[in-house]
Each structure stands twice: as structure tokens, then as C-alpha cells.
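Below you'll find the structure, written out as C-alpha cells, and then a few comments.
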Amino acid sequence: TEVINITLNDDATGEVTVTVGRADFETAGNAVGQYDTRKTASGWVGTNCALLSGGTSDANPKFIFIGDEATRAMTLNGKTSAVGKLVSPTLANGISKLSFNYGHAFSDKNGVDITINIIQNGVVVASYHLDNNTVTQKTAYEFTWTLEEEVKGDFSIEILNNSPSNSSSGNKDRVSIWNLEWLSN
């Protein structure tokens, strides 16, 4: 996880420090299409997750819509017998905004249905339900969530696949997530 502190000069209130964090999915290894547990160097953990990447052609595990070959996408499975989940390590300095790209690399038909939780001391303090029924395969979508109230202090991010097809067999409802960043001020 990369964290950058930026100090801005706001004429009305003086200096404002903004923290920008970025998940280090690229440290989870080479792209591999099998579902397993994936870990990054800073401690992000994808469970029931494939690691895809960008590339110059569309052949599993590399897909043009994800970006260049250095970009990694955590791909959460949605079958109910092996639901995908992505959890950050404990992050510092709070969160006011979260953004990432998402999409379907494979021919899943039920759209994207995930829950994004902000957790402090084991308690969900903010939650967002992303439900997009009109996802086109191999198309990148942008998600941005500005929290109603900034979460201060240490926190973690949890993303859960809600398994919209409710099927326990075969790989279903797979959603790829990449370029995950958060902001605090």
C-alpha cells in the first residue's frame, strides 16, 4: 500500500494535508486465473480470488480493459460455495473517499453486486452496496464513494461479492477490482 501526504494551501483556512493511499495489487504476483488466496506485500488479502492483469490481448489471465501488463486486478468469485472477499490491512489517517475500477473479464450475466465496508475496531462504521445490473463484459467501470462523514483514525476496507446468481457450482458473478485508492483530509 502506497500512501502519499500532500499539503495544500487553502487561502480561507490555511494549510490542509490530504492523504492519498493506493492498494498494492501489483505485488500479489503474476497474473493467474485460478481462484485461491492472494496476498500483497502490504497485507491486502483476496480470498476465493483470481489475480488478473492488463495486457495487449484478451486471453485469461490478461485483459485489455484492465490496462497495461503491470496493472493487477483482484477478481472475486461469486459462487456461494466459495464467495470472494478482499480485505485491506489496517490503514491509518482515516478515509473520506474511496475509488476503484471494476468490471467483468468473463461472461458473467448477473452484473456486479458487491458490498464495500469500512471497519474500525471490528465494527462496520460505513457501508456501500454497489449494484450494477448493466455491466458489459471486458468494459472498465469507475466507482467513487464519498463517505457521508469522514472516518478518522485507523480503519480497514472489506469488499464482499454478494453472489447475485445464488449458485454454488461453477465460477459465477466474478468481479475484477483494480486501481483502488482512498483519500483522507
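The values are calculated or read from the model by the stated rules, or taken from the named source; none is laboratory data. In this text the structure is predicted, and so the values were computed from the model without any measurement. Ideal geometry is used to build each Cβ from the backbone, glycine not excepted, and the neighbour counts take in all protein chains shown. Just so you know, the surface numbers come from the protein's heavy atoms only, side chains and all, with ligands and any DNA or RNA stripped out. Shrake-Rupley method; radii C 1.70, N 1.55, O 1.52, S 1.80 Å.
Computed values, structure above
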read-out	value
Some residue of the range 104-112 being outside any loop (DSSP other than H, G, I, E, B) and either within 30 Å of VAL18 (Cα to Cα) or open to solvent by 30 Å² or more (accessible area, probe 1.4 Å) (or both)	no
All positions within the range 147-165 that are out of contact with any Ser or Thr (no Cβ under 6 Å at 6 or more places or on another chain) and either farther than 22 Å from VAL123 by Cα or free of Cβ contacts under 8 Å to residues at least 24 places away in the same chain (or both)	GLU148, GLU149, PRO164, SER165
Selection count where residues are within 22 Å of ALA50 (Cα to Cα), of a type in the set (Val, Ile, Thr) and part of a strand (DSSP E or B), scope the range 113-150	3
Residue under evaluation VAL124, criteria (1) within 26 Å of ALA70 (Cα to Cα); (2) open to solvent by 40 Å² or more (accessible area, probe 1.4 Å); (3) β-branched (Val, Ile, Thr), criterion not met	(1)
Output for the range 139-166, where each listed residue is more than 18 Å from ILE95 (Cα to Cα) and β-branched (Val, Ile, Thr)	THR139
Subset of the range 69-102 [touching a helix residue (DSSP H, G or I) at 6+ places or on another chain (Cβ under 7 Å) and surrounded by 23 or more Cβ atoms within 10 Å (Cβ to Cβ)]	ARG72, ALA73, MET74
Residue tally, condition at pLDDT below 80, farther than 22 Å from SER156 by Cβ and open to solvent by 50 Å² or more (accessible area, probe 1.4 Å), over the range 1-38	9
Residues being assigned to a strand (DSSP E or B), at negative phi and of a type outside the set (Ser, Thr, Tyr) - total across the range 170-185	7
Filter result for GLY153 (more than 15 Å from LEU76 (Cα to Cα) and part of a loop (DSSP other than H, G, I, E, B))	yes
Filtered residue count, the range 39-66, keeping only those that are more than 15 Å from the chain's Cα centre (by Cα) and open to solvent by less than 50 Å² (accessible area, probe 1.4 Å)	5
Criterion: open to solvent by less than 30 Å² (accessible area, probe 1.4 Å) and either hydrophobic (A, V, I, L, M, F, W, C) or at pLDDT 95 or above (or both) - qualifying residue of LEU130, LEU183, LEU160	LEU130
